[in-house]
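Novice: Have a look at this one.
The values are calculated or read from the model by the stated rules, or taken from the named source; none is laboratory data. If you're wondering where the values come from, they're calculated on a predicted model, not measured in any experiment. Positions of Cβ are generated from backbone atoms using ideal geometry, with glycine treated the same way; all protein chains shown enter the neighbour counts.
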Amino acid sequence: MATALARTHEAYDVARVRGDFPILARHVNGHPLVYLDSAASSQRPRAVIEAVDHYETHCHANVHRGVHALSQAATDAFEGARERVRRFLNARSVKEIIFTRGTTEAINLVANAWARPRLGPGDEILITWLEHHANIVPWQMVCAATGATLKVAPIDERGELRFEAWEALLSPRTRLVAVGHVSNALGTVLPVARIVKAAHARGVPVLLDGAQAVPHGGADVQALDCDFYAFSAHKLYGPTGIGVLYGREALLREMPPWQGGGDMILSVSFEGTTYNDLPWKFEAGTPNISGAVGLGAAIDYLETLGPGAVHAHEQRLLAKATAAALGIPGLRVIGTATDKAAVLSFTVEGIHPHDLGTILDHEGVAIRTGHHCAMPVMDFFGIPATARASFACYNDDADIERLIRALHTAREVFS
Ligand code: PLP
């Protein structure tokens with residue numbers, strides 16, 4: 001295993017990968033940029049920028065409805081991107097791939113089209129303490145509208161789900177399990193295979209929020225056996241404003257449309273409207289066509305690098321950065337799960353995370369500070385915020401050295 005990982009590392013040419021990302025050549029505050037905020041939004045490789053540019057320059061028109069050449073080119077590009085997403089997720093059919101604005105909209109789609117019509121007083125939705133607000137608030141809204149109850153499974157001091165406690169909360173009234181695949185605030189990888197198995201044993205469908213999982217190695221929805229899977233392109237080296245909801249076809253068929261308008265219909269009259277087939281039934285209005293093209297190119301790019309090689313590279317960086325950070329007096333790592341994605345959340349005694357972020361920015365080092373849209377996680381650890389460095393395919397050892405040096409500088413400023 002160690003030899004295989006070492007070989008993967010040798011084969012991974014991070015200098016070449018960095019060269020694919022034009023933005024990494026820029027300076028910030030007089031320093032070469034060190035970008036460690038990919039968990040919020042990753043940067044785009046030239047392949048994505050050029051694919052979007054090519055589409056805009058040569059192919060743009062509205063999709064589906066036109067007989068002219070450009071409309072057909074745009075439709076081919078858009079539907080071609082859907083097929084790329086299908087392959088990437090290993091979904092059975094493109095009918096199961098719905099384009100959304102992102103993870104947030106994908107989860108809201110399930111909340112509105114699956115949960116709201118089905119749930120009533122006494123029913124339960126089970127989430128965990130680790131969720132991003134996008135996987136909390138839509139369920140709170142469903143509960144407010146239907147009288148259902150939101151149950152929240154606890155975590156431990158390492159930031160891991162207490163699986164037995166989670167399982168104990170699965171009740172005969174649980175109608176849906178919604179859980180993050182990877183925590184954005186801490187990097188914890190959740191035991192989603194066990195979760196799906198336990199939920200399905202009780203006949204409960206499972207939604208996985210894959211926003212932070214997909215960039216670090218992809219996802220196979222058939223292997224995961226989940227019922228819904230959501231992710232955003234902009235964390236996967238793709239554009240903003242586009243994401244995906246995977247849904248099991250049988251479930252999607254039973255769901256009413258969420259939004260009405262063009263493209264989601266077959267025919268409209270004042271006597272009645274018939275809805276379009278899957279997946280278009282859930283795509284009302286003109287979609288984000290260039291975004292889908294960019295997402296397709298981002299998937300191609302990640303597949304060229306090899307999701308496994310990217311994962312191994314990021315894990316090496318995470319281990320190195322964690323070890324180096326622990327050498328800084330007063331630094332506390334928040335989230336020490338055994339299985340973690342490349343996210344390093346921390347606090348430094350005597351320095352507010354926002355001040356840390358500002359000082360690091362002066363040094364050209366971009367990290368995220370705040371509650372990371374996961375306020376319950378911050379509450380659990382009794383802190384208002386953390387500083388978070390997150391690693392992607394283009395980060396290297398020099399980035400870690402610059403991060404650690406900038407943290408020492410911050411300590412000197414505050415000493
Ligand atoms: N879920 C997780 C775990 C996230 O990290 C994020 C974004 O940070 C989201 C959901 C929301 O993603 P978006 O803002 O792209 O809809």
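Novice: How many residues does the range 154-167 contain that are surrounded by fewer than 23 Cβ atoms within 10 Å (Cβ to Cβ), closer than 18 Å to residue 378 by Cβ and of a type outside the set (D, E, K, R)?
Specialist: Residues meeting the conditions: 1.
Novice: Within the range 361-397, track down each residue that is polar (S, T, N, Q) and assigned to a loop (DSSP other than H, G, I, E, B).
Specialist: Listed by number, the list holds a single entry, 395.
Novice: Here's another thing I want to ask about it. For residue 381, only one of the following conditions fails: (1) under 19 Å from the mean Cα position of the chain (by Cα); (2) closer than 16 Å to residue 331 by Cα. What is its number?
Specialist: Looking at each condition in turn, residue 381 falls short on (1).
Novice: If you don't mind, another one. If I ask for residues that are farther than 18 Å from residue 367 by Cβ and crowded, with 18+ Cβ neighbours inside 10 Å, which ones from the range 19-45 would you list?
Specialist: 20, 44, 45
Novice: Now for a separate question. Quick one: how many residues across the range 126-142 are closer than 20 Å to residue 164 by Cβ and over 15 Å from the mean Cα position of the chain (by Cα)?
Specialist: The total comes to 4.
Novice: Let me ask something additional. Of the residues 182, 206, 244, which is of a type outside the set (Phe, Trp, Tyr), at pLDDT 95 or above, closer than 30 Å to residue 383 by Cα and surrounded by 22 or more Cβ atoms within 10 Å (Cβ to Cβ)?
Specialist: 182
Novice: Related question: Which of the following residues is surrounded by 17 or more Cβ atoms within 10 Å (Cβ to Cβ) and free of Cβ contacts under 8 Å to residues at least 40 places away in the same chain: 382, 357, 364?
Specialist: Of the residues listed, the single one that is surrounded by 17 or more Cβ atoms within 10 Å (Cβ to Cβ) and free of Cβ contacts under 8 Å to residues at least 40 places away in the same chain is 357.
Novice: Same structure again: Kindly indicate whether residue 144 is at pLDDT 95 or above and away from the ligand (no atom under 11 Å from the Cβ).
Specialist: Here the answer is yes, as residue 144 does meet what is asked.
Novice: Going by what's in this entry, would residue 221 be described as in contact with a Cys (Cβ under 8 Å, 6 or more places away or on another chain), modelled with pLDDT of 95 or more, more than 13 Å from the ligand (Cβ to nearest atom) and not small (Gly, Ala, Ser)?
Specialist: Judged against the criteria, residue 221 is not a match.
Novice: Can you tell me which residue among 79, 105, 96, 83 is farther than 28 Å from residue 185 by Cβ and crowded, with 20+ Cβ neighbours inside 10 Å?
Specialist: Answer to the selection: 96.
Novice: Shifting gears a bit: Out of curiosity, is residue 277 surrounded by fewer than 24 Cβ atoms within 10 Å (Cβ to Cβ) and in contact (Cβ under 8 Å) with a residue 12 or more places away in the chain?
Specialist: In short, yes.
Novice: Determine whether the range 54-61 contains at least one residue that is crowded, with 20+ Cβ neighbours inside 10 Å and either over 17 Å from residue 283 (Cα atoms) or under 21 Å from the mean Cα position of the chain (by Cα) (or both).
Specialist: Yes, some residue in the range 54-61 is crowded, with 20+ Cβ neighbours inside 10 Å and either over 17 Å from residue 283 (Cα atoms) or under 21 Å from the mean Cα position of the chain (by Cα) (or both).
Novice: Taking the range 336-360 on its own, how many of its residues are within 24 Å of the chain's Cα centre (by Cα) and part of a strand (DSSP E or B)?
Specialist: 6
Novice: Can you name the helices (runs of 4 or more DSSP H) wholly within the range 4-89 that have at least 1 residues being among the basic types (Lys, Arg) and touching a strand residue (DSSP E or B) at 6+ places or on another chain (Cβ under 6 Å)?
Specialist: 69-89
Novice: I've got another one for you. Can you go through 283, 249, 254, 271 and tell me which one is surrounded by 19 or more Cβ atoms within 10 Å (Cβ to Cβ) and either among the acidic types (Asp, Glu) or without any contact (Cβ under 8 Å) to a residue 24 or more places away in the chain (or both)?
Specialist: On inspection, the qualifying residue turns out to be 283.
Novice: Considering only residues that are assigned to a helix (DSSP H, G or I) and surrounded by fewer than 16 Cβ atoms within 10 Å (Cβ to Cβ), look in the range 185-203 and name the one that is farthest from the ligand (Cβ to nearest atom).
Specialist: 201
Novice: Restricting to the range 79-138, name every residue that is among the basic types (Lys, Arg) and within 11 Å of the ligand (Cβ to nearest atom).
Specialist: Residue satisfying the conditions is 101 alone.
Novice: Of the residues 176, 170, 251, 236, only one is in the same structural domain as residue 126 (by TED's automatic domain parsing), within 16 Å of the ligand (Cβ to nearest atom) and at pLDDT 95 or above; which?
Specialist: 236
Novice: Another one. Give the residues of the range 113-123 that are surrounded by fewer than 24 Cβ atoms within 10 Å (Cβ to Cβ) and in contact with a helix residue (DSSP H, G or I) (Cβ under 8 Å, 6 or more places away or on another chain), sorted by residue number.
Specialist: Scanning the range 113-123 gives 113, 116, 119, 120, 121, 123.
Novice: With the structure loaded, tell me whether residue 396 is surrounded by fewer than 18 Cβ atoms within 10 Å (Cβ to Cβ), under 14 Å from residue 334 (Cβ atoms) and away from the ligand (no atom under 16 Å from the Cβ) or whether it fails that test.
Specialist: Spelling it out, it is not the case that residue 396 is surrounded by fewer than 18 Cβ atoms within 10 Å (Cβ to Cβ), under 14 Å from residue 334 (Cβ atoms) and away from the ligand (no atom under 16 Å from the Cβ).
Novice: If you check residue 322 against the conditions, is it modelled with pLDDT of 95 or more, over 17 Å from residue 40 (Cβ atoms) and more than 19 Å from the chain's Cα centre (by Cα)?
Specialist: yes
Novice: Kindly list the number of the only condition in (1) away from the ligand (no atom under 16 Å from the Cβ); (2) out of contact with any helix residue (DSSP H, G or I) (no Cβ under 7 Å at 6 or more places or on another chain) that fails for residue 213.
Specialist: The number of the failed condition is (1).
Novice: So, one more: Inspect all residues belonging to the range 101-116 and state whether any of them is at pLDDT 95 or above, closer than 24 Å to residue 237 by Cβ and outside any helix (DSSP H, G or I).
Specialist: Yes, the range 101-116 contains at least one residue that is at pLDDT 95 or above, closer than 24 Å to residue 237 by Cβ and outside any helix (DSSP H, G or I).
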